[in-house]
Amino acid sequence: MLSLLVYVNVQNDIPRLPKKLSFLNLSLPTEIYSSDGNLIKVLGRRNPVGIEEISPHFLNAIVSVEDARFYKHRGVAHISLARALYINLKKGRVIQGGSTISQQLAKNLFFSFERNWLRKVKELLIALQMEASFSKQEILEAYSNQIYFGNGAYGVEDASKVYFGSRAKDLTLLQSATLAGIPHAPNQANPFSNYERSQKRALYILDRMISEGYISSDEKTEAFNSSLNLTTPDERADPNQYFVDYILDKLEKDYGKEFVYFGGLKIFTTLNTRWQKYAQEAVSNHLKFLEKSMPVGENKREPLQSALVSVENQTGAVRVMLGGRNYSYSQFNRAVSNNRMPGSSFKPFVYLTGMETLGYHPGAVVVDEPVTFNLPGGKSWSPANFGNKYMGNIILKKALMHSVNLISAQLVWQVKPEKVIETARKFGIMSPLGNNLSLALGTSGVSPLEMAAAYSVLANLGIWNEPYFIKKIEDFNGHRLQERFFRSVQKYSPKKIYPLVDMMKGVIEGGTGRTVKRMGFDRPAGGKTGTTNDGKDAWFIGFTKELSTSVWVGKDNNEPMTDVNGREMTGGRGAAPIWTFFMEKALEGKEKKQFPVPEGIKFVSVDYQTGLPTDKPSVNSLKIAISKEVEFPKPEEELKEKTLSKNEELKEEIVPKVIKPSGNEEGGL
């Protein structure tokens with residue numbers, strides 16, 4: 001009675017089986033296109049073969065490891081199912097399947113990969129129906145042509161060609177055992193990336209084949225001592241694959257893997273493949289150049305890596321996502337990983353918070369001198385500048401241009417870290433941020449994607465566009481399933497943002513990012529370098545009117561980056577050249593666009609030490625952009641009260657001696 005009720009409730013959701021199971025392997029492949037019209041990936045394309053075209057060694061191996069009672073049951077292995085039921089009830093959720101080959105085929109062909117009781121019931125019913133309608137040979141053939149073997153290979157024929165360069169009918173016993181071990185864990189048991197583990201798995205399967213009577217002990221020994229004849233993996237770097245992997249992960253969560261891979265979809269993305277190629281060329285060439293200046297042997301232990309993300313400011317479309325220097329050697333996507341500290345590239349959010357909260361402007365005078373902050377519990381913090389260099393009285397714009405650590409630290413002390421975090425959230429940074437003073441120096445991990453999108457708010461003069469990757473998705477009939485329209489939110493008024501944009505233009509024109517200008521980049525642009533302790537991370541994030549681009553350089557094991565002379569890597573040397581190479585190519589032939597000056601903004605030349613207006617340009621003068629409401633003090637007024645470190649509310653102890661730095665000019669702790 002219970003079985004009847006269950007069947008009545010789910011029967012409408014159970015798909016009808018075709019007349020031939022082989023028809024199931026003729027599903028339409030899904031195609032992924034770039035924004036410039038290139039087909040960048042085809043998913044789910046299979047080359048099915050008849051069971052007579054598959055090596056008996058493989059068929060015996062896959063049955064031995066996946067479903068030893070395959071030829072005896074009718075779709076359900078009662079003992080395995082009972083054991084799985086007991087474990088699932090004990091744990092209170094579905095964690096073990098106890099599936100037969102028929103159930104696995106039903107699951108992979110018709111249902112999502114979610115673990116729930118209703119799916120298991122549907123899977124069981126379709127397996128019973130399949131067993132009643134088709135022979136064991138037909139089921140095994142369909143299963144062998146359908147399972148995933150890693151490295152983009154679906155079905156045993158494709159897998160044989162990918163791993164061994166041969167047809168499925170020619171697989172040896174060892175090759176068959178190796179392939180049969182992959183579907184259980186396509187990444188971990190992949191002989192290309194984890195040869196030893198794959199062979200341990202193959203040895204286990206050979207033992208299973210002995211237990212099931214398919215081979216003898218002598219045949220096992222002979223097989224295991226034979227040559228696997230593994231092919232060399234295709235090492236041609238596909239820079240688009242980082243982007244493709246990222247969107248597929250999102251789509252599989254939204255729609256299910258089967259629908260995405262075998263639904264005959266057309267997915268139109270925001271990726272610009274031409275720019276993606278420029279990004280890889282810039283990264284590859286500059287990392288090779290940097291490694292030549294590093295100690296011999298150091299690069300072989302742990303090579304330099306890089307990530308680059310470029311966002312279209314007007315829409316939020318992600319045009320470039322490069323997650324590493326070579327996808328063939330490492331599929332880890334550093335562009336979306338938030339485990340690296342941004343250093344001083346985080347300081348614009350600190351400065352904006354200070355200007356917004358405390359009423360400071362680019363011409364406000366601050367004091368760069370050694371300082372100790374007394375913390376709760378009797379602890380203290382003494383940040384320092386690179387090279388024991390302190391500039392004394394300087395204006396805020398000059399401090400940002402030269403990435404002065406002491407000024408950023410004092411700003412965070414005054415406004416409190418919570419306020420800076422609040423600002424960062426408005427810019428779209430969602431990574432966990434430490435609620436402590438060292439936030440001033442960029443000590444909380446962020447991703448290059450986040451930073452590129454955040455800087456686009458500056459380029460847009462306060463408008464935030466959520467970054468997106470897919471423009472539209474169509475089904476096999478051309479019907480639109482999804483379409484993305486960019487969404488804009490005015491986070492800040494242009495009048496509040498423009499002075500900071502002008503300050504960041506100064507970083508490139510005469511600050512820590514001057515490498516960009518020295519390399520000949522002459523477009524209106526703003527940016528910020530970032531470097532962390534011992535040169536472990538080098539950043540440059542910059543923007544023009546059209547694009548915001550984030551570049552990170554470092555080592556995966558977080559080792560310091562130093563040259564043969566012991567110099568630590570900085571953002572200006574490690575990341576800024578990559579940014580410049582890429583942006584020059586991406587914007588080649590395009591009009592040089594200025595950032596529009598909002599109403600209510602005026603430009604004033606001031607002395608960068610006193611903050612007082614100057615009539616004539618000089619080596620000590622600097623042009624700043626400020627609100628027309630700002631009034632400058634008279635020359636005879638005491639400037640001391642206007643400086644940060646003399647503010648009575650700080651109550652910090654001024655240290656009379658120079659403190660040995662623990663960071664560098666771009667803000668490491």
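General remarks:
- Looking only at region 26-49, and only at residues there that are small (Gly, Ala, Ser) and within 24 Å of residue 99 (Cα to Cα), the one that is nearest to the chain's Cα centre (by Cα): 44
- Subset of region 262-281 that is touching a helix residue (DSSP H, G or I) at 6+ places or on another chain (Cβ under 6 Å) and either part of a helix (DSSP H, G or I) or of a type in the set (Phe, Trp, Tyr) (or both) - its residue that is surrounded by the fewest Cβ atoms within 10 Å (Cβ to Cβ): 278
- Qualifying residue in region 215-231 (condition: surrounded by 15 or more Cβ atoms within 10 Å (Cβ to Cβ), within 36 Å of the chain's Cα centre (by Cα) and in a helix (DSSP H, G or I)): no
- Any hit, region 300-308, residues being farther than 25 Å from residue 450 by Cβ, without any contact (Cβ under 8 Å) to a residue 60 or more places away in the chain, crowded, with 16+ Cβ neighbours inside 10 Å and not aromatic (Phe, Trp, Tyr): no
- Looking across region 537-576 at every residue that is acidic (Asp, Glu) and at pLDDT 95 or above, the one that is farthest from residue 286 (Cα to Cα) is identified as 546.
- Members of region 151-182 that are surrounded by fewer than 20 Cβ atoms within 10 Å (Cβ to Cβ), more than 15 Å from residue 55 (Cβ to Cβ) and in contact (Cβ under 8 Å) with a residue 40 or more places away in the chain: 151, 162
- Positions within region 540-592 being under 16 Å from residue 275 (Cβ atoms) and part of a loop (DSSP other than H, G, I, E, B), in sequence order: 544, 546, 587, 588, 589, 590
- Region 10-35 - residue that is more than 15 Å from residue 244 (Cα to Cα) and at pLDDT 75 or above and, of those, surrounded by the fewest Cβ atoms within 10 Å (Cβ to Cβ): 28
- Subset of region 537-551 that is touching a Gly at 6+ places or on another chain (Cβ under 8 Å) and among the β-branched types (Val, Ile, Thr) - its residue that is nearest to residue 348 (Cα to Cα): 541
- The strands (runs of 3 or more DSSP E) located wholly in region 412-509 that include 3 or more residues which are modelled with pLDDT under 95 and under 30 Å from residue 29 (Cα atoms) occupy 480-483.
- Search result, residues across region 320-347 that are more than 12 Å from residue 550 (Cβ to Cβ) and of a type in the set (D, E, K, R): 325, 347
- Matching option when the condition is within 31 Å of the chain's Cα centre (by Cα), farther than 20 Å from residue 58 by Cα and not in a helix (DSSP H, G or I), among 245, 254, 238, 249: 238
- Total residues in region 183-214, condition closer than 13 Å to residue 63 by Cα, assigned to a loop (DSSP other than H, G, I, E, B) and of a type in the set (Ser, Thr, Tyr): 1
The values are calculated or read from the model by the stated rules, or taken from the named source; none is laboratory data. Treat the numbers as computed from the prediction; the structure is a model and nothing was measured. Quick reminder, even Gly has a Cβ in these numbers, built from the backbone with ideal geometry, and neighbours come from all protein chains shown.
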